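For reference, the structure is listed below as structure tokens.
The values are calculated or read from the model by the stated rules, or taken from the named source; none is laboratory data. Quick caveat, the model's predicted, so the values are computed rather than measured. Methodologically, a virtual Cβ is constructed for each residue, glycine included, from the backbone with ideal geometry; neighbour enumeration extends over all protein chains shown.
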Amino acid sequence: MKKCAFFLLLLAVAGMQLVYAQGLLVTGKVTNAADGQPIPGVSIVVRGTTIGTISDVDGTYKLTVPSNAVSLMFSFVGMKTVEVPIEGRTTIDVAMEEELTRLDEIVVVGYSTQRRTDITGAVSVVDADALVSQPAPNIGKQLQGRAAGVTVYTSGDPTAIGSIRIRGIGTINDNGPLIVIDGVSTRDQNLNNINPNDIESVQILKDASASSIYGAQASNGVIIITTKHGKTGRMQISYNGYYGTQKINKWWDLLDTEGWMKYWQRAQKTSIILRNWGEGLNTDKTFDQLYNDNAIWNTPEYSASHPQFGQIANVRLPDYIIPNGYIGNNPGEWSPTNRVTRLGNTNWFKEITQFAPITSHQLSASGGTDNSNYNFGFNYFDQKGVVYTTFLRRYSFRANTELKVKNAIKLGENFTFAYTNQHSEGWQNEGWPVSMAYRLVPWVPVYDVRGEFAGSGADGAGNAQNPYAVLWRNGHNKDNNLRIFGNLFAEVNFLKHFLFKTSFGMSYGTGNGYSFRWPNPEHSEGSLATNFYEYMNWGYRWVYNNTLTFNYAIGTDHTINALVGTEAIQDGVGRGLDGQRQDYPFYQDLNTWTLGNGGTSGMSNNSYFYNKFALFGIFGRLDYAFRDKYLFTFNVRRDGASRFAERNRYGTFPAASIGWRISKEDFMQSVTFVNDLKLRAGYGITGNSEIGAFNYAYTYGQSFWGWRSIAYDINGSNTGSMVGYALSQYGNPDTKWEENRMANVGLDAVLFSSALEVNLDLYTRKTSGMLVPDAYSPLAGFGNAPYVNLGDMKNTGFDLSLTHRGKAGEFRYDLTGTISHYKNEVVKLNNIEATKFFGGDSRFGSTTVITKGQPMSTFYGYIIEGIYKSKEELANHAVQPGINNDAESLAGDKWRASLGKFKFKDINNDGVINADDKTFIGNPHPDFTYSLDVNFYWKNWELNIFLYGSQGNDVYNYVKYWTDFSGSFIGNRSKKILTDSWEFGKGDTPLPILDINNTTDANYSSTYYVEDGSFLRCKNLQLSYNLPKNLLQKIGVDNMKVYGQVTNLFTITKYSGPDPDVGALYLGGGGDWDRGLDFGFYPTPRTVMAGIMLNF
């Protein structure tokens, strides 16, 4: 029976082949209508089938078509699709015309599509191919520099999610944009679960007239992502893969062991001389006389010693640092109390970094007919971090399908499955391993003589941890995330002019992971304690929307497009649980890492739910065009959100814009160099509902501030207590939306036979009713104050994009440049003019301020006027904390101990340096950002160069607190501390005198920490070669491209740190209180890679 079935199948196949063989052989050539040049790679498909081919390198093709075939479809990127009737012909030559400009593209806007020529708002369209040319795990990183008006901050951490800001900062709260993927919106700024290779197009709605249809979610702009869909034609299989290696371009230039010893000797000698001078000892001698007098350094007044390097008069390098400063070959047996350790000379940055591989493999299949299409994609992405043990690994699958039913009904789905496995070292602050690499002295080695980790347990080594040990131990921790994202939709065309669409989408995510605290006996503050922590959570967001669209044309003069719709959203649905235990005696066996294997002492467990909320909106849109010349768009949306009390739950967000296509006017017809010219103007209102779920309500809990428990002596016996509840947050029932009003004027021009395209937008954006923390009296008790609608913030700026295209024979090129500028200003915080909110916490307090009249997160501190070089300078300056320049000190010798210290400016001229003299010392916001994307094409070769820059922004280099001052914590120091520190006889220098007890200069926020963060970076250099078609067709391949690539090839900057592209400590929608702070930032690596792209 099986043999019979197999025989029948062979007959059926043979029969189909026979029918196909009886078709018609059509040949021809495809050329460019403009210059007659052949076009290779054109897709030629029999309409309504999957039968097709690709034109050869000389533009020729041949295709056997069925006898009943009606026409051929010719399509190619950048050219107008051509349909040609067959009519029995065996030779069909086609001359394809280029698309006029990008203005003819169909652009996805709010809940619908428009031609770019009809858009009256500010919308940026980003080339998806340009995005994926930058190897990165998420589109957020790839967007940097690709769209005018969009600022992206990220880091070199593979798991970093990035901070996307559209036209500045609109609030002190969440500034992340709304992200819409295939019509399903999400507030999740983590795009690591979205495979960039799956993206077909990206549109960014930048002004209110474009984004207000998203209402309360759109105050920070909207990013619309459309994933790839199948197209009519035969099945096409494509593969895109690359492999590369990454390395750090630059680290801090720090001392080696011998240099550190010399630094200690010099700083200690200087400190002793200044101290003794201040006490009146040897004031008749100069600094150099005392410093170089070897005899005095053995006297009690000048003597000092280091536990490892010996007496200050004669420092030397020991053989071992455990035992302390041991010289010889018999340091004793290793034991837990005598962890014998040789002297090291460790470059900790080299120890914790690596040449890190990065690879991606994308396999896709797509095709379709007139009635159905499909697109499937599978991706494997693996990026190891240049910082040891950090990584991101992702497996993703996408399936998009559509089915037409009798040309009136379309059914479809978009489905994405992504699983990520990753490890990150968390917040990049002073406590993470990269910071430990400059905080730990170089004379500690990685390992002791037994092969155990060495550390700061050696006397005189400070309190930093061995960064390699931290990374190795933390490298066993894991975080796993699963995300399922997609939607089901249906479209119905009826009564010729109506289209109804319904869509239900969901984003479901679940995460789990664990971490372990290992014993760290090598650390000066370490312990033998063990602790295991494990967590699991899940959550989802669903979005259900319905739209009805009406399209109608009255003759050739009037075009009307109207849309109405509803949208329901529920988010924050989910729960989580976690637990931890201590005391794991067999911790080195990872199989024992379960909660059940830990001790019960100190155990804890917890479960929680997310802050669920709901939003419902109704919206409408009207587009009207008169003679394709005068354009008008009106949007309105009314939203209700559960985050607000009932009386303030609803808000209305209208917007209107107009467009005038000047090039359509009769008086412009003689201006031949203008192909298209459009003037736009718009104004609208959007809202921001991204606040706490219960800001309007009074909430109660079992602890104050999350840690101080609440207990009551119910019985009044003073012998016991019971856990109770108390007010944890005051409510503000008057909480309303943050309202964002934006006006925009724009110009779009296509000039010189489409050789030049210009897009210019000028805008002003003002947030009213910004939610700020209320100022409650301490008499209000322990409850937290709510947020109130008291603040205002303003942004003004412009976006400019220029594109030029040209060719000469077989050589073609295109250049796209962007320039973006915004000026941010806090207009009001509350009804008290002098109110200040502080951020950027450090060892010496806050480093940023938010206050009226200044940009968000302005750097705040003292201005350094120079160095105190004499008694006269001390006497003539305001009295300064930590400086002996008061009357009593000047009358004696105490003033001498303050020579060489920083001189702070007396801002208010009151004769005293205090907090009133702090001022604005830097701005993390750039004057402008810019980019240049250059593409050259010659025969089968392609060259891409992508440059990105930021000008005028400052960076607060907090790393210098640890590396540039001798009086801060024990640790390594920069080499410039030996060359740039002040010495007697010198004028002003960048650094104060090298005094090991100078705790004054480092411990105040000052202009010393602020640096120019401007930079120009070559983000991408790629050379590609397309193999000839005649060779590929012999092996059944339609197209093959091979390429070599270097990312972050060079960076031109004055910034002294490893990477000037510093965003914020906390990436995502928040983090703007700490913008521009470098605590030991994870720098962006250079990547050298090679790849291949295949189409079958």
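Table for the structure above
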read-out: Condition met for Asp1061 (surrounded by 17 or more Cβ atoms within 10 Å (Cβ to Cβ), under 14 Å from Asp964 (Cβ atoms) and not β-branched (Val, Ile, Thr)); value: no
read-out: Residues that are small (Gly, Ala, Ser) and either farther than 19 Å from Phe965 by Cα or touching a Lys or Arg at 6+ places or on another chain (Cβ under 7 Å) (or both), drawn from the range 873-914; value: Ala875, Ala878, Ala887, Ser889, Ala891, Gly892, Ala897, Gly911
read-out: Residues that are of a type outside the set (Phe, Trp, Tyr) and in contact (Cβ under 8 Å) with a residue 24 or more places away in the chain, drawn from the range 586-596; value: Leu590, Thr594, Leu595
read-out: Some residue of the range 1032-1043 being farther than 30 Å from Gly170 by Cα, touching a Cys at 6+ places or on another chain (Cβ under 9 Å) and in a strand (DSSP E or B); value: no
read-out: Residues that are part of a helix (DSSP H, G or I) and either at pLDDT 90 or above or buried (at least 19 other Cβ atoms within 10 Å of the Cβ) (or both), drawn from the range 72-114; value: Leu103
read-out: Top-ranked residue of the range 112-134 - restricted to ones that are among the acidic types (Asp, Glu) and within 28 Å of the chain's Cα centre (by Cα), ranked as nearest to Arg627 (Cα to Cα); value: Asp127
read-out: Some residue of the range 51-58 being small (Gly, Ala, Ser), under 30 Å from Ala562 (Cα atoms) and part of a strand (DSSP E or B); value: no
read-out: Residues within the range 902-940 that are touching a helix residue (DSSP H, G or I) at 6+ places or on another chain (Cβ under 8 Å), of a type outside the set (A, V, I, L, M, F, W, C) and assigned to a strand (DSSP E or B), tallied; value: 3
read-out: Tally of residues being farther than 19 Å from Gly241 by Cα and assigned to a loop (DSSP other than H, G, I, E, B) across the range 1015-1031; value: 1
read-out: Conditions (1) farther than 25 Å from His361 by Cα; (2) assigned to a loop (DSSP other than H, G, I, E, B); number of the one not met by Val152; value: (2)
read-out: Single unsatisfied condition, Ser201 versus (1) modelled with pLDDT of 90 or more; (2) among the small types (Gly, Ala, Ser); (3) closer than 16 Å to Ile223 by Cα; (4) buried (at least 24 other Cβ atoms within 10 Å of the Cβ); value: (4)
read-out: Residues (surrounded by fewer than 21 Cβ atoms within 10 Å (Cβ to Cβ), more than 31 Å from the chain's Cα centre (by Cα) and touching a residue at least 24 places away in the same chain (Cβ under 8 Å)) located in the range 625-651; value: Phe626, Arg627, Asp628, Lys629, Tyr630, Phe632, Val636, Arg638, Ala645, Arg647, Asn648
read-out: Selected residue [over 23 Å from Gly659 (Cα atoms) and either under 32 Å from the mean Cα position of the chain (by Cα) or in a strand (DSSP E or B) (or both)] from Thr735, Thr764; value: Thr735
read-out: Counted residues, the range 705-732 - those being within 43 Å of the chain's Cα centre (by Cα), farther than 25 Å from Ser642 by Cβ and modelled with pLDDT under 75; value: 5
read-out: In the range 37-49, residue farthest from Leu72 (Cα to Cα) [restricted to those that are modelled with pLDDT of 80 or more and more than 42 Å from the chain's Cα centre (by Cα)]; value: Gln37
read-out: Subset tally (residues that are buried (at least 18 other Cβ atoms within 10 Å of the Cβ) and over 16 Å from Asn831 (Cα atoms)) for the range 768-783; value: 1
read-out: Qualifying position, being touching a helix residue (DSSP H, G or I) at 6+ places or on another chain (Cβ under 7 Å) and acidic (Asp, Glu), among Asp557, Asp589, Asp628; value: Asp628
read-out: Qualifying residue in the range 990-1010 (condition: within 27 Å of the chain's Cα centre (by Cα), of a type outside the set (Gly, Ala, Ser) and either assigned to a strand (DSSP E or B) or modelled with pLDDT under 95 (or both)); value: yes
read-out: Glu430 being modelled with pLDDT under 95 and either closer than 23 Å to Ile194 by Cβ or assigned to a loop (DSSP other than H, G, I, E, B) (or both); value: yes
read-out: Residue list for the range 1075-1096, restricted to those being surrounded by fewer than 22 Cβ atoms within 10 Å (Cβ to Cβ) and either in contact with a Leu (Cβ under 7 Å, 6 or more places away or on another chain) or assigned to a strand (DSSP E or B) (or both); value: Arg1086, Val1088, Met1089, Ala1090, Gly1091, Ile1092, Met1093, Leu1094, Asn1095
read-out: One residue from Phe965, Phe969 being surrounded by fewer than 21 Cβ atoms within 10 Å (Cβ to Cβ), over 30 Å from Gly168 (Cα atoms) and touching a helix residue (DSSP H, G or I) at 6+ places or on another chain (Cβ under 8 Å); value: Phe969
read-out: From Gly455, Gly505, Gly509, Gly513, residue being part of a loop (DSSP other than H, G, I, E, B) and at pLDDT 95 or above; value: Gly455
read-out: Residue among Ser728, Ser703, Ser689, Ser657 that alone is surrounded by 14 or more Cβ atoms within 10 Å (Cβ to Cβ), under 26 Å from Tyr610 (Cα atoms) and in contact with a helix residue (DSSP H, G or I) (Cβ under 7 Å, 6 or more places away or on another chain); value: Ser689
read-out: Scan of the range 1044-1065 for residues that are at pLDDT below 95 and assigned to a strand (DSSP E or B), ordered by number; value: Ala1064
read-out: Considering residues of the range 266-283 that are more than 17 Å from Trp895 (Cβ to Cβ) and in contact (Cβ under 8 Å) with a residue 60 or more places away in the chain only, the residue surrounded by the fewest Cβ atoms within 10 Å (Cβ to Cβ); value: Arg266
read-out: 2 or more residues surrounded by 20 or more Cβ atoms within 10 Å (Cβ to Cβ) and out of contact with any Pro (no Cβ under 9 Å at 6 or more places or on another chain): qualifying strands (runs of 3 or more DSSP E) within the range 284-392; value: 356-368, 372-384
read-out: Top-ranked residue in the range 652-696 [being of a type in the set (A, V, I, L, M) and free of Cβ contacts under 8 Å to residues at least 40 places away in the same chain; ranked as nearest to Ala625 (Cα to Cα)]; value: Ile662
read-out: Of the criteria (1) of a type outside the set (Gly, Ala, Ser); (2) under 30 Å from Asp792 (Cβ atoms); (3) in contact (Cβ under 8 Å) with a residue 40 or more places away in the chain, which one Thr699 fails; value: (3)
read-out: Odd one out for Lys247 among (1) at pLDDT 95 or above; (2) over 29 Å from the mean Cα position of the chain (by Cα); value: (2)
